[in-house]
Amino acid sequence: MKRTKVISAFSVFFVLTLFSADAICDSTDLSSTWRAGVARMVITPEQPMWAAGYAARDHQTEETLHDLWAKALAIEDANGEQSILITTDLLGFPKALSDQIRDQLESEFKLSRAQIILSSTHTHSGPVLKDALYDIYPLDQDQISAIEQYSGKLADQIVVLAGEAFRSMEPVQIYTQNGVTRFQVNRRNNDAATLNTQSELKGPNDHAVPVLKVVDMSGDLMAVAFGYACHPTVLDGYLWSGDYPGFAQIELEDSYPGVTAMFFMGAGADQNPLPRLTVGLARQYGKELAAAVERVLEEDMRKLSPQLSASYSEIELPLNPPPSKEELLEIIQDTSAYESYQKTWAEKMLVKMDKGESFINSYPYPLQVWHMGDQIVVNMGGEVVVEYAIKLKQIFGQDIFVMAYSNDDMGYIPSVTILEEGGYEGLVSQMVYGLPGTWKPAIESMIIQEVVRLAEQAE
Ligand SMILES: [Zn+2]
């Protein structure tokens, strides 16, 4: 049992010795507090399926290291404004599936896009979802059917989960604070193979551990949502798991029995947990992250006044034109330099070109801002690189929470610097995601400006 519980037990004892139970209830105006409810559901596949995130796996996954979870935190402010944070141990929701789920949440619970954060932890040991990165896995028709069946069931489960979370709402207090831990390494600017010989690690990085704590009216911890900007790519094998975020959630739920611990990914698209690739390391990083969260929980946190406002928009981010026919043929022929999925992508592009089909030249990119009291929560779709978090913190201050990998995982979102440098996050990953071209450099300023506008709108 950790200190929070001990303190809360002591506080309750102290208060009970001074006041009657009625006096305690009367002393709190329940109409002017937050209300919140949590719900959770196991989403580990029940049949063998392809695990998502790596092109190198050569067969399906059927064994489990630990269960995958979908968890929901429903929130209502003193004016009855509602919102819901849904976290899932999954790689990421493609737009069609996310739209389907968010449409269902809107029709069932009258929630707009602004009020829903549909987040994925980006574990690379969860199942492939419908229409997500199909080109990088050697899928046959039966396997695609299994993926579609799982995705349909998942959508239904998330709607049920949201209902349970809203139905279980009770008066609560909500607190936030940023902690810190440092196992992330900028994977573009440091070589994993020679890390041990480096005397310093090159950035940029964001070591923040945003923590949101929900406490019931008797002072007991009910839920903790926490984040970190680092790829859940410790593990690349054939066991279902939440990777290091899965271990962190388990660690916190063991430390605080009865608590629901929820992980959200930050802007960590260019950050890796290094070294990696063993279960022991995934567990170690999970414990390190949980320890960072526990430290924050045990110290003073900022109490949020029960006022919620949310804004959301989709902006059309511009894409460069696709490569020429000659360039595509070069990719197909140059098998030594390119992975097989790049060849598949180039072949599909050529077929489309030959048919005279047109290619998209922009993408509707989702951005979202929540104000919870004076806490700003910025939420961005896709695999966002760390420079966005750094720039947003320069504008809004170091206390903001930056979430990514939510609502739609359409590709990497590189900075201008990374677009100029190229490499995986700026160039190659566009093929993995099946996008016809690279992003135009204008995307960085467009995204930052739109977050600023949404933040003003949500005030
Ligand atoms: Zn990724």
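Quick rundown of the values:
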read-out	value
Virtual paramagnetic centre 7 Å along Cα→Cβ of Gln198, amide N under 14 Å, in segment 268-293	270-276
Other-chain or far-sequence residues with amide H under 5 Å of Gln271's (modelled H)	Arg187, His231
The chain - mean residue ellipticity at 222 nm from DSSP helices (-39,500 (n - 2.57) per run, n ≥ 4, rounded to 500)	-11000 deg cm²/dmol
Point-charge dipole on Cβ atoms (K/R +1, D/E -1) for the chain, about Cα centre, debye to 20	620 debye
Peptides ranked, highest mean first, by Cβ atoms within 10 Å: ranges 322-333, 190-201	322-333, 190-201
Cα-Cα separations in segment 88-161 greater than 20 Å, expressed as whole percent	31 percent
Once the Cα gyration tensor of segment 178-328 is diagonalised, semi-axes √(5λ) in Å	32, 23, 16
Where the chain is the region considered: accessible area per residue in Å², 1.4 Å probe	41 Å²
Simple Cβ-charge dipole of segment 115-209, Lys/Arg +1 and Asp/Glu -1, about Cα centre, in debye nearest 20	400 debye
Fraction of beta bridges assigned by DSSP in segment 196-296 that are antiparallel (%, nearest 5)	45 percent
Percent accessible area from carbon and sulfur atoms, the chain, protein chains only, probe 1.4 Å	51 percent
For segment 310-369: rounded, prolate or oblate by the Cα gyration tensor [a/c cutoff 1.5]	prolate
Dipole magnitude of segment 33-161 about its Cα centre (Cβ charges: Lys, Arg +1; Asp, Glu -1), debye to nearest 20	420 debye
Antiparallel DSSP beta bridges within the chain, percent to nearest 5	75 percent
Gyration tensor verdict on segment 64-107 (Cα atoms; rounded if a/c is under 1.5, prolate if a/b is larger than b/c, oblate otherwise)	oblate
Residue (of Ala132, Leu435, Met403) at the positive-pole extreme of the chain, dipole from beta-carbon charges	Met403
Cα pair count fraction exceeding 29 Å, expressed as % - segment 281-428	38 percent
Cross-link table Lys95/Lys213; Lys95/Lys391; Lys130/Lys343; Lys202/Lys343, entries beyond 24 Å C-alpha to C-alpha	Lys95/Lys213; Lys95/Lys391; Lys202/Lys343
Burial ranking of peptide ranges 340-348, 119-127 (average Cβ count within 10 Å, highest at the top)	119-127, 340-348
Relative packing of 352-364, 99-111, which averages over residues the other C-beta atoms within 10 Å, highest first	99-111, 352-364
Two-decimal Rg to Rh for the chain - Kirkwood Rh, Cα set	0.98
Where labels lie 7 Å past Cα in the beta-carbon direction, separation of Asp374 and Ser168 in nm	3.2 nm
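The values are calculated or read from the model by the stated rules, or taken from the named source; none is laboratory data. All values derive from a computational prediction rather than experimental measurement. No Cβ is skipped: glycine too gets one built from the backbone with ideal geometry, and neighbour counts run over all protein chains shown. Calculation scope for accessible area: heavy atoms of the full protein, side chains included, ligands and nucleic acids excluded. Shrake-Rupley method; radii C 1.70, N 1.55, O 1.52, S 1.80 Å.
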